[in-house]
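The values are calculated or read from the model by the stated rules, or taken from the named source; none is laboratory data. Given the structure is predicted, the values throughout are model-derived calculations rather than measurements. Cβ atoms come from the backbone with ideal geometry, glycine included; neighbour counts cover every protein chain shown. Each accessible area value is taken on the protein alone, full model and side chains, heavy atoms only, with ligands, DNA and RNA left out. Shrake-Rupley method; radii C 1.70, N 1.55, O 1.52, S 1.80 Å.
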Amino acid sequence: GINVHVGGESKRIEAENEVILSAGSIGSPQILMLSGIGHAEELRKIGVLPKISLPGVGKNLHDHLQIRAVYKLNAPGVWTLNQAAGSLLGQAKMAAEYAMMRTGPLSMAPSQVGMFAFSSPTPSRKSDVGGTPNIQYHVQPLSLNRFGEPLHDF
């Protein structure tokens, strides 16, 4: 079970089998550490009484927040990859180009440019000191709202 604080009142909620903690890749380890589960020495340093020593909690965290910047091309006579992939004629042209010459959109990876960078010129976290970038960029020649959904029609 779990202990919760609601409206200034402490309550215990029991579970029949198990409790699954799910607060994301950053929030879940934070809750565990504030509850006393983590690297015992590090917990003591921040005033948290260790209950279970698990040194890996809160390490190697990765979040996958995405921001999609989409631009609509408004140039007469220019056909976008979205438009080609969205029509039977475009799909046939791409398939033929790949079959005959092994070139074209079907021969390339979805992300044409990739880059790793720092979010700040000075490390803000101990984990950044070793030179590990904390932002990843991808540039793609197509656009969609999210994976699994159709491409935009422009």
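Taken along the Cα-to-beta-carbon direction at a fixed 7 Å, the label points for residue 5 and residue 71 span 4.9 nm. When 132, 80, 103 are compared by accessible area of protein heavy atoms, the largest-first order is 132, 103, 80, using a 1.4 Å probe.
Partners of residue 59 within straight-line reach, counting lysines whose Cα lies under 23 Å from its Cα and excluding those fewer than 8 residues away in the same chain: 45, 51, 126.
Using a cutoff of 8 angstrom between alpha carbon atoms and counting only pairs six or more residues apart, the relative contact order for the range 1-105 works out to 14 percent.
Considering all different alpha carbon pairs of the chain, the Kirkwood hydrodynamic radius works out to 20.8 Å. The string of couplings for the range 94-110 from the Karplus curve (6.51, -1.76, 1.60, θ = phi - 60°) is 5, 5, 5, 4, 5, 5, 8, 10, 6, 10, x, x, 6, 9, 10, 6, x Hz, one whole number per residue in order, with x for Gly and Pro.
Proximity of backbone amide H atoms, modeled 1.01 Å from N, is registered between residue 54 and 38, 39, 40 at under 5 Å, excluding neighbours fewer than 5 places apart on the same chain.
Per-residue surface analysis assigns residue 100 an accessible area of about 150 Å², computed on protein heavy atoms at 1.4 Å probe radius. Heavy-atom surface analysis with a 1.4 Å probe gives the range 1-134 a carbon and sulfur content of 58 percent of its accessible area.
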